[in-house]
Amino acid sequence: MSLEAPDTPETDDVPERTPDELEALLGDLVVDRDDHLNAPGFVIRPDTVQETLSRLKSAAGYDHLSLVTAQEYENRYESIYHLKKFDDPTQEVSVVVPADKDRPVSESGEAVFRTADWHEREAYDLIGIEYDDHPDLRRILLPETWQGHPLSMDYDRDRPQIATLPAHANPLEEHHLDAESDTMFLNIGPHHPATHGVLHLKTILDGEQVIDVEPDIGYLHRCEEQMAQSGTYRHQIMPYPDRWDWGGGGLLNEWAYARAAEDLADIEVPEYAQVIRTMGAEMCRIAAHMLALATFALDVNGDFTATFMYAINDRERVQNLLEDLTGQRLMFNYFRLGGVVWDLPEPREEFFSKTRDFLDQLPGSVEEYHDLVTANEIFQMRTIDTGILPPEVAKEYGATGPVVRGSGVDYDLRRDDPYGYYDELDWDVVTEDGCDNYSRLLVRMREVEESAKIIEQCVDLLEDWPEDERTIQANVPRTLRPDDDTEIYRAVEAAKGELGIYIRADGTDKPARFKIRSPCFSNLQTLPEMANGEYIPDVIAALGSLDIVLGEVDR
Amino acid sequence: MGTVQLFPQFVSETLGLSGVLGDVVGSLVAAAVVGNIVLAFTGVAGPWAKRKITAAFTDRIAVNRVGPFGLLIIPASAVQLLAKELIVPEGVDRPTWDLAPIVLPASALLGFAVIPMGRLGPVNLQIADPEVGLALVFAFASIASVSLVMAGYASNNKYSMLGGLRAVAQNLAYEIPLIVTAMSVVIFAGTLQTSGIAAAQADVLFSVGGFDVPTWYAFVNPFAFVLFLTANMAEIGRNPFDIPEAPTEIVAGYQTEYSSAYFVLFYLGEFVHIFLGGAILALTFLGGAAGPGPESIGFLWFVVKIWGFFLFTQWARSALPRVRIDQLIEIGWKGMLVLSFANLVLTAVIVGVIA
């Protein structure tokens with residue numbers, strides 16, 4: 001909840017180890033070094049993954065498995081475990097695990113980090129690496145009947161695939177978990193009023209109580225990584241991020257790609273553009289959080305609640321500002337590598353006054369939501385102490401964003417791994433200690449106020465910005481060809497949490513591997529932890545409080 | 001209390017019929033008129049008023065293109081709903097599945113048979129006035145839960161099943177407090193006869209500045225009124241107690257598998273049920289058809305009261321979160337039941353001491 005002044009870095013309490021110290025710590029486990037731009041990388045043997053990860057986790061404090069990237073080279077397969085620290089995400093390390101080209105088998109990291117479960121399933125699904133000791137190695141995005149692994153090199157894209165409806169168990173037939181129990185299997189979704197998109201929850205009920213829930217995702221998989229790999233860095237990739245988190249988070253998503261690609265190609269963004277980016281991104285955060293509040297009210301209040309329309313109305317106001325700024329309402333495509341596509345709309349005074357009007361009415365709106373929603377006794381009865389996610393569990397699953405901050409973990413990349421103009425501005429990271437559905441909502445509502453503070457400061461800065469220093473884009477070559485075999489993983493704080501991009505360059509103008517770390521993907525994994533043992537309405541509330549966007553989960 | 005002429009008698013006398021023929025014709029005509037009045041309410045409420053009211057609560061405009069104030073949306077919606085295909089899912093338990101949507105509106109409509117809806121000119125809009133009137137109303141209204149179970153059980157759908165089970169649990173938990181609270185009114189009035197209960201609320205409780213506050217039981221015993229109102233909301237399944245349907249949890253509960261005319265019947269039944277709930281509330285706590293002005297416009301006051309209750313349900317729907325099923329049961333059995341019995345005993349003691 002406190003703002004770390006930029007001059008007192010968090011590294012005070014987390015001793016940073018140099019790459020050589022880490023190598024010494026890992027000792028024999030390291031067979032080679034493969035440093036990435038963002039972090040030292042240690043190559044290990046495929047059968048020592050658990051040992052390496054657990055040593056880094058317990059002895060060196062790398063407690064956040066942000067992402068597992070898998071890819072295929074000409075001569076090998078490779079899994080990369082991108083590790084960070086919740087206390088200081090600038091301390092990163094990559095564990096690179098090559099696997100045999102003919103028989104790609106690698107030990108699973110699931111025993112050390114629960115979050116590796118889904119990440120490795122995705123790697124298996126799309127690339128084809130098999131993970132030993134994985135508890136449940138099935139396809140996750142594609143249908144179970146799919147043939148081949150689409151991001152592997154020998155994949156035949158021309159071969160027609162028929163995704164048959166497998167002979168699924170009759171959803172109406174009886175279900176018994178064991179001989180004594182009398183349970184019921186229930187499909188929540190893929191088409192259900194409260195799944196926020198096309199999500200399928202395989203739920204096992206004992207009466208009204210949930211004893212097991214398994215999210216089944218992939219219905220909205222649109223090959224975003226593949227598409228990004230077929231586009232050029234300079235212009236063709238930027239439109240895609242808008243299509244991940246479409247709950248309003250467009251500019252935040254664009255920033256994730258911009259940050260990774262700019263660091264990869266070593267592009268310096270002008271300060272003026274950074275301020276505009278910061279302002280636009282926070283507007284997006286307000287829009288996204290308003291949508292989260294609106295849909296959460298739908299889930300808890302029922303589908304005629306006034307709160308929904310109130311929140312959508314407020315979202316509409318900020319959406320109008322974004323439209324003025326970017327020319328679009330949802331798919332902004334406003335960022336460019338090295339800046340933004342155009343300056344603030346003319347007349348600038350009108351835009352500023354509109355923005356200030358919005359900021360002036362926002363506290364009143366937030367107050368109204370507190371009266372209408374969070375102060376309501378029935379609402380508190382429904383949400384407090386339901387959907388409990390303890391901080392340790394949240395970290396274990398790599399949960400980020402309002403979800404982990406609602407569990408009291410003080411983790412926000414805007415402050416802890418500063419980018420843009422955030423470290424020059426005065427704002428606070430919001431946390432709540434309740435670990436329940438209510439806390440996650442409160443975090444979002446308070447973050448809206450913090451975002452408003454940021455926007456206000458940006459507007460002040462932009463208003464006084466000298467006219468001859470308004471550089472909106474750095475001088476970026478028309479074609480970008482980052483050096484061969486450079487790899488980078490960079491993340492930003494998007495509306496739902498840590499949105500990261502891994503890019504491997506191969507010397508051409510297109511990425512050889514483009515991997516998206518979706519915050520919703522990791523956050524959704526925590527649902528069974530929150531839901532098991534609760535009632536159906538609590539599962540719905542917990543899902544709502546996770547605020548997932550299926551476009552980002554499935555990519 | 002047979003001094004007031006009932007509606008069927010009025011009809012048969014006006015037509016000059018007597019004996020069995022007069023009874024039959026009078027009853028049929030009276031029932032048809034009252035039934036159509038109630039159905040007209042729902043016709044206005046469902047497609048139009050509900051949309052307008054919800055829109056007002058949520059800063060929207062709602063239907064305004066079809067006819068003046070969008071009123072022609074009523075026939076438009078009716079045609080639209082009835083023109084849809086009636087989908088009969090595989091494996092439903094017929095004829096239970098077909099009967100459920102008929103039982104619900106029928107049970108709610110039956111309740112209106114003994115409600116004294118007040119006078120409109122020379123006509124006293126009450127079909128029957130049996131000695132056990134109030135008990136009958138509750139009996140009719142309770143049949144609704146049978147319909148919900150039928151629908152939930154026969155639909156061969158797990159969401160429907162959950163909705164049906166929730167409906168039973170909820171109605172059990174709330175009908176007892178509802179009826180026990182109504183019993184306290186019966187103790188005051190000294191009769192179960194509906195016209196008698198309305199008549200007992202005609203005295204003056206006290207006067208404030210020349211304005212007479214009547215002995216409506218809402219004023220005599222506001223505590224019981226709040227209890228009854230709450231239990232009534234649960235009984236008719238509106239927010240915060242819309243658990244049996246609970247869209248966003250169990251899709252649409254017992255009515256998940258119903259479409260077209262069957263869906264309309266359910267919808268209709270629910271609205272008639274809301275109006276019946278309003279009518280019972282008006283009868284037991286708000287002085288029935290009493291109001292300022294001559295007795296001959298009593299019906300209008302009655303309409304105002306039940307529409308007031310309808311407005312209240314819509315307000316709650318826009319503003320209040322839904323409680324969870326276990327919390328609902330807990331409130332019902334551990335809270336409302338105890339409070340309603342306390343109210344009953346206290347009322348009995350007070351009435352016994354005073355009288």
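The values are calculated or read from the model by the stated rules, or taken from the named source; none is laboratory data. Worth saying up front: this structure is predicted, and the values here are computed from it rather than measured. Cβ placement follows ideal geometry from the backbone for every residue including glycine, while neighbour counts extend to all protein chains displayed.
Which one of these is closer than 24 Å to B:Ala135 by Cα and surrounded by fewer than 24 Cβ atoms within 10 Å (Cβ to Cβ): B:Asn221, B:Asn232? Steps first, please.
Numbers: B:Asn232 fails: surrounded by fewer than 24 Cβ atoms within 10 Å (Cβ to Cβ).
Result: B:Asn221 is the single residue among B:Asn221, B:Asn232 that is closer than 24 Å to B:Ala135 by Cα and surrounded by fewer than 24 Cβ atoms within 10 Å (Cβ to Cβ).
Taking the criterion of being modelled with pLDDT of 85 or more, of a type in the set (D, E, K, R) and closer than 20 Å to A:Gly533 by Cβ, would at least one residue in the stretch A:210-229 satisfy it?
Initial filter on the stretch A:210-229 (modelled with pLDDT of 85 or more): A:210-229.
Restricting the remaining residues to those that are of a type in the set (D, E, K, R) gives A:212, A:214, A:216, A:222, A:224-225.
The next check asks that each one be closer than 20 Å to A:Gly533 by Cβ; those that pass are A:212, A:214.
For the stretch A:210-229, residues modelled with pLDDT of 85 or more, of a type in the set (D, E, K, R) and closer than 20 Å to A:Gly533 by Cβ: present.
Return the residues of the stretch A:183-205 that are modelled with pLDDT under 85 and away from every other protein chain (no Cβ under 12 Å); say none if nothing qualifies.
A:Pro190, A:Gly197
Rundown of residues vs (1) closer than 30 Å to B:Gly26 by Cβ; (2) surrounded by 24 or more Cβ atoms within 10 Å (Cβ to Cβ), yes/no style:
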| residue | (1), (2) |
| --- | --- |
| B:Leu109 | yes, no |
| B:Gln126 | yes, yes |
| B:Leu136 | yes, no |
| B:Ser147 | yes, yes |
| B:Leu172 | no, no |
| B:Ile176 | no, no |
| B:Ser184 | no, yes |
| B:Ala198 | yes, yes |
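Can you give me the number of residues within the stretch B:47-100 that are more than 14 Å from chain A (Cβ to nearest Cβ), among the small types (Gly, Ala, Ser) and farther than 24 Å from B:Trp307 by Cα?
Going through the stretch B:47-100, the residues more than 14 Å from chain A (Cβ to nearest Cβ) turn out to be B:47-48, B:63-88, B:94-100.
Subset that is among the small types (Gly, Ala, Ser): B:67, B:70, B:76-78, B:83, B:100.
Narrowing further to those that are farther than 24 Å from B:Trp307 by Cα: B:83, B:100.
Qualifying residue count, the stretch B:47-100: 2.
Given the structure, is A:Glu23 modelled with pLDDT of 85 or more and more than 24 Å from A:Arg414 (Cβ to Cβ)? Spell out the reasoning first.
Working: modelled with pLDDT of 85 or more: no; more than 24 Å from A:Arg414 (Cβ to Cβ): yes.
Against the criterion (modelled with pLDDT of 85 or more and more than 24 Å from A:Arg414 (Cβ to Cβ)), A:Glu23 does not qualify.
Output the residues belonging to the stretch A:291-321 that are hydrophobic (A, V, I, L, M, F, W, C), under 30 Å from A:Pro345 (Cβ atoms) and within 7 Å of chain B (Cβ to nearest Cβ).
Result: A:Met309, single match.
Take the residues of the stretch A:509-552 that are under 22 Å from A:Ala116 (Cβ atoms) and among the hydroxyl-bearing types (Ser, Thr, Tyr): which is surrounded by the fewest Cβ atoms within 10 Å (Cβ to Cβ)?
Residue satisfying both the conditions and the ranking: A:Thr526.
Which ranges mark the strands (runs of 3 or more DSSP E) fully within the stretch A:15-134 that have 3 or more residues being touching a residue at least 24 places away in the same chain (Cβ under 8 Å)?
Numbers: elements: A:30-33, A:41-44, A:64-72, A:77-84, A:93-99, A:105-107, A:130-132.
Result: A:41-44, A:64-72, A:77-84, A:93-99, A:105-107, A:130-132.
Could you check the stretch A:229-280 and list, in sequence order, the residues that are touching a helix residue (DSSP H, G or I) at 6+ places or on another chain (Cβ under 7 Å) and either without any contact (Cβ under 8 Å) to a residue 40 or more places away in the chain or assigned to a loop (DSSP other than H, G, I, E, B) (or both)?
A:Tyr233, A:Ile237, A:Met238, A:Tyr240, A:Pro241, A:Trp244, A:Asp245, A:Trp246, A:Gly247, A:Gly248, A:Gly249, A:Val269
Any residue in the stretch B:301-316 that is surrounded by 20 or more Cβ atoms within 10 Å (Cβ to Cβ) sitting within a Cβ distance under 7 Å of a residue that is charged (D, E, K, R)? List the pairs, counting only those 6 or more apart or interchain.
Pairs found: B:Thr313/B:Arg238; B:Gln314/B:Lys50.
Regarding A:Gly250, is this residue surrounded by 24 or more Cβ atoms within 10 Å (Cβ to Cβ) and touching a Pro at 6+ places or on another chain (Cβ under 8 Å)?
Values: surrounded by 24 or more Cβ atoms within 10 Å (Cβ to Cβ): yes; touching a Pro at 6+ places or on another chain (Cβ under 8 Å): yes.
Yes, satisfied.
Run down B:Ile115, B:Ile102, B:Ile127 and say which single residue is under 23 Å from B:Ala231 (Cα atoms) and touching a Leu at 6+ places or on another chain (Cβ under 8 Å). Before the answer, list the steps.
Details: B:Ile102 fails: under 23 Å from B:Ala231 (Cα atoms); B:Ile127 fails: under 23 Å from B:Ala231 (Cα atoms).
B:Ile115 is the lone residue from the list that is under 23 Å from B:Ala231 (Cα atoms) and touching a Leu at 6+ places or on another chain (Cβ under 8 Å).
For the stretch A:354-369, does any single residue satisfy the condition of being within 14 Å of chain B (Cβ to nearest Cβ), in contact with a helix residue (DSSP H, G or I) (Cβ under 9 Å, 6 or more places away or on another chain), small (Gly, Ala, Ser) and over 27 Å from A:His82 (Cα atoms)?
Yes, some residue in the stretch A:354-369 is within 14 Å of chain B (Cβ to nearest Cβ), in contact with a helix residue (DSSP H, G or I) (Cβ under 9 Å, 6 or more places away or on another chain), small (Gly, Ala, Ser) and over 27 Å from A:His82 (Cα atoms).
What's the total number of residues in the stretch A:208-227 that are touching a helix residue (DSSP H, G or I) at 6+ places or on another chain (Cβ under 8 Å) and among the hydrophobic types (A, V, I, L, M, F, W, C)?
Count: 4.
Can you pull out the residues in the stretch B:71-105 that are surrounded by 14 or more Cβ atoms within 10 Å (Cβ to Cβ) and either of a type in the set (S, T, N, Q) or more than 18 Å from B:Met150 (Cβ to Cβ) (or both)?
Passing the criteria: B:Leu71, B:Leu72, B:Ile73, B:Ile74, B:Ala76, B:Ser77, B:Ala78, B:Leu81, B:Thr96.
Would the stretch B:322-340 turn up any residue that is closer than 30 Å to B:Gly43 by Cβ, buried (at least 19 other Cβ atoms within 10 Å of the Cβ) and facing chain A (nearest Cβ under 10 Å)?
Here is the first cut: in the stretch B:322-340, the residues closer than 30 Å to B:Gly43 by Cβ are B:322.
Then keep just the ones that are buried (at least 19 other Cβ atoms within 10 Å of the Cβ); that gives B:322.
Retained after the next criterion (residues that are facing chain A (nearest Cβ under 10 Å)): B:322.
Among the residues of the stretch B:322-340, at least one is closer than 30 Å to B:Gly43 by Cβ, buried (at least 19 other Cβ atoms within 10 Å of the Cβ) and facing chain A (nearest Cβ under 10 Å), which makes the answer yes.
Just checking, how many residues over the stretch B:231-260 are assigned to a helix (DSSP H, G or I), under 22 Å from the mean Cα position of the chain (by Cα) and away from chain A (no Cβ under 12 Å)? It would help to see each step written out before you state the result.
Within the stretch B:231-260, the first condition is being assigned to a helix (DSSP H, G or I), and the residues that meet it are B:231-235, B:253-255, B:260.
Then drop every residue that is not under 22 Å from the mean Cα position of the chain (by Cα), which leaves B:231-235, B:253-255.
Subsequent filtering for residues that are away from chain A (no Cβ under 12 Å) retains B:231-235, B:254-255.
Here the count works out to 7.
Give the stretch B:143-169 a look and list any residue that's out of contact with any helix residue (DSSP H, G or I) (no Cβ under 6 Å at 6 or more places or on another chain) and either away from chain A (no Cβ under 14 Å) or without any contact (Cβ under 8 Å) to a residue 12 or more places away in the chain (or both), or say none.
Across the stretch B:143-169, the qualifying residues are B:Val146, B:Lys158.
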